[in-house]
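Take a look at the structure below.
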Amino acid sequence: MSGLLMPPVTQPDPGSGDLMIEADAVSKSYGTVHALDSVSVSARRGSVLALLGHNGAGKTTLVNVLTTALPLSSGRASVAGYDVTRDPFEIRRRIGLTGQFASVDTQLSGRDNLVLIARLLGAGRRAARSRAEELLELFELTTVADRRASGYSGGLRRRLDLAVSLVGGPQVIFLDEPTTGLDPSSRLKLWEIVEGLVEQGATVLLTTQYLEEADRLADSIAVLSAGKVVASGTADELKATVGRRTVTLTLDSDDAPARAGAALRGAGFAPVGGEDGTRGLVVPIDTTREIADVIRTLDQVGVEITELAFGEPTLDDVYLTLAEQHARIPA
Amino acid sequence: MTTQLTPAPRPHAPATVALKTPDFGGSSFVAQVRVLTGRSLRAMATDPGIVLFGLIQPVVILFVLTQVFSKMGMPPHFPDGVSYLDFVLPAVLVDNAAQSAMQSGVGLVEDLRNGVVARLRSLPVHPGALLVARSLVGLVRSAVQILVIMVLAMTVLGYSPNGGVAELALSAGLTLFISFALGWAFIAAGAWLRRAEPLQNLALIVIFPLMFASSAYVPVADLPGWLAAVAHVNPLTYAIDATRALALDVPGLDHAIPALLIGAVISAAGAFAALAGFRRPL
């Protein structure tokens with residue numbers, strides 16, 4: 001729920017100097033296929049930017065361009081203040097990447113994987129070992145630290161992958177569908193880790209197919225469809241554009257819906273239902289704050305609520321609506 | 001320089017130490033090669049099966065050839081005072097060098113496929129560092145295998161080359177150089193093909209016939225006309241003639257210069273092609 005109540009983050013002024021991720025009209029084409037079509041996104045230092053979209057929307061391509069793995073066809077992009085085309089090495093010194101598929105050396109132990117990356121980043125033998133130890137403890141990998149990564153479960157491998165991407169203490173962290181295929185508790189744990197990193201000032205770009213994830217973690221969201229940004233803003237802003245939130249009530253008696261309906265209409269709401277003798281009532285609302293208003297109104301007229309459910313537009317609502325709108329508007 | 005991040009105090013944060021790190025400062029190309037070479041050597045040491053498995057083919061060929069053909073009459077151009085085992089061993093070592101070279105390509109393909117390359121690409125690591133490391137690891141593997149085969153041949157089969165210790169060492173060194181050159185060819189093939197099967201097929205359909213169409217198992221002068229013609233332009237003939245001349249103290253050392261030149265050209269072209277192929281996006 002904390003994500004829902006997150007205060008909206010105002011978009012930073014372009015060129016404020018505090019932008020850690022900046023893509024300006026980035027396009028990437030393969031022949032006639034436009035994987036990215038003039039995409040512009042940005043993220044301030046210490047914020048989380050989520051790229052939302054289904055498979056093939058261009059999320060991973062954008063991550064690849066920003067992490068300097070893939071050259072862009074046109075446009076301009078910078079990470080941590082460095083241009084992706086001119087200074088790829090400066091960017092690589094400051095980023096951590098956890099891709100969709102775990103990028104660990106399965107022939108090495110978890111510990112050796114961490115030491116290897118630290119050494120490649122220039123750490124001495126001792127510094128590398130202590131950094132590895134630190135991350136093994138943090139990600140609760142100490143018990144399997146000296147086992148070959150080829151024997152790790154999917155969740156373990158992903159955790160190791162994330163640990164590996166943090167070896168250099170990156171300023172900008174790219175997480176490409178970090179929770180796909182994780183069980184709910186591992187997912188929750190990963191979310192907490194991301195929140196911890198952001199509190200320390202890291203900037204995070206995360207791609208996901210789950211609105212819930214974007215909702216909980218992201219300060220701003222860009223919805224990608226067929227290589228284009230079809231919408232961007234805070235989670236609340238996005239939801240407001242596609243559909244309304246609702247409170248669904250079940251009341252304690254047969255005459256309650258009529259009384260409740262009248263009271264709610266008097267308070268400025270537009271409840272639906274209750275006419276056909278059912279005890280249910282659906283109340284569209286704009287902000288979560290209005291849930292309290294609904295309850296207060298019913299309390300004032302003495303109606304008891306036996307069940308209350310809060311409904312959000314889902315990713316499907318957001319995504320399908322936006323994709324549909326996008327298809328109707330000629331580019 | 002990486003700016004030091006100051007973590008906000010939050011005792012329960014699961015990632016409180018994750019960013020609290022020294023600036024490791026980056027590493028030189030040489031350091032990167034050293035670290036990546038060490039990584040593969042470590043993997044090799046913890047799984048010596050890979051090195052030993054590579055020995056199966058040369059050892060089997062050695063046994064088969066020496067057991068099957070030793071009772072047959074020597075062809076007219078066979079060098080005097082040399083047993084068939086002595087004759088064929090330098091060729092078996094070159095064959096093994098080619099197999100080891102193929103392994104270098106397969107190793108790179110594994111790195112490309114299991115995510116290691118994807119990881120390295122997000123780090124400030126020069127793309128050539130992994131290629132050079134793969135080449136060096138191949139050298140170590142070849143050296144170990146050459147040593148094992150030589151010791152096995154001398155102790156079990158009775159290999160007794162006429163050349164001195166220094167010449168024998170030079171012969172092994174030249175074999176290593178051939179392994180190095182072919183290693184770059186296979187690393188280049190791996191960087192472009194990015195799959196292990198075609199590499200193995202390449203070794204099977206190129207190296208295997210070329211070994212027979214060379215001075216490896218029978219002197220070139222004793223081969224049928226057309227095969228002798230192929231053997232004359234086959235680089236492996238020069239390589240085998242030169243290593244054999246050194247080890248057995250027989251004529252053929254004049255082939256060392258062409259062998260070295262061809263090897264140098266293959267190495268340079270292979271390294272160039274490998275880097276070009278490796279730089280392509282995953």
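The values are calculated or read from the model by the stated rules, or taken from the named source; none is laboratory data. Quick caveat: nothing in here was measured; it's all calculated off a predicted structure. So basically every Cβ, Gly included, is an ideal-geometry build from the backbone, and we count neighbours across all protein chains shown.
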Residue that is nearest to the other protein chains (Cβ to nearest Cβ) [pool: residues in region A:108-125 that are assigned to a loop (DSSP other than H, G, I, E, B) and surrounded by fewer than 22 Cβ atoms within 10 Å (Cβ to Cβ)]
A:G122
Scanning region A:37-62 for residues that are surrounded by 24 or more Cβ atoms within 10 Å (Cβ to Cβ) and assigned to a helix (DSSP H, G or I), which turns out farthest from the other protein chains (Cβ to nearest Cβ)?
A:K59
Please find, among A:E213, A:E177, the residue that is under 15 Å from the mean Cα position of the chain (by Cα), buried (at least 23 other Cβ atoms within 10 Å of the Cβ), more than 17 Å from A:M20 (Cα to Cα) and more than 9 Å from chain B (Cβ to nearest Cβ).
A:E213
Does B:R121 satisfy the criteria of being at pLDDT below 95, surrounded by fewer than 16 Cβ atoms within 10 Å (Cβ to Cβ) and within 14 Å of chain A (Cβ to nearest Cβ)?
no
Considering only helices (runs of 4 or more DSSP H) wholly within region A:153-229, the ones with at least 1 residues that are at pLDDT 90 or above and either charged (D, E, K, R) or outside the structural domain of A:A57 (by TED's automatic domain parsing) (or both) are A:154-165, A:184-199
Just one of the numbered conditions (1) surrounded by 16 or more Cβ atoms within 10 Å (Cβ to Cβ); (2) hydrophobic (A, V, I, L, M, F, W, C); (3) modelled with pLDDT under 95 is not true of A:M1; which one?
(1)
For the subset of region B:254-282 comprising residues that are among the β-branched types (V, I, T) and more than 15 Å from the chain's Cα centre (by Cα), which member is nearest to the other protein chains (Cβ to nearest Cβ)?
B:V265
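Per-residue answers, yes or no, for (1) out of contact with any Leu (no Cβ under 8 Å at 6 or more places or on another chain); (2) closer than 30 Å to A:P170 by Cβ; (3) of a type in the set (D, E, K, R):
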| residue | (1), (2), (3) |
| --- | --- |
| B:L112 | no, yes, no |
| B:P124 | no, yes, no |
| B:V140 | no, no, no |
| B:A153 | no, no, no |
| B:L182 | yes, no, no |
Please work out if B:S100 is more than 14 Å from every other protein chain (Cβ to nearest Cβ) and buried (at least 22 other Cβ atoms within 10 Å of the Cβ).
yes
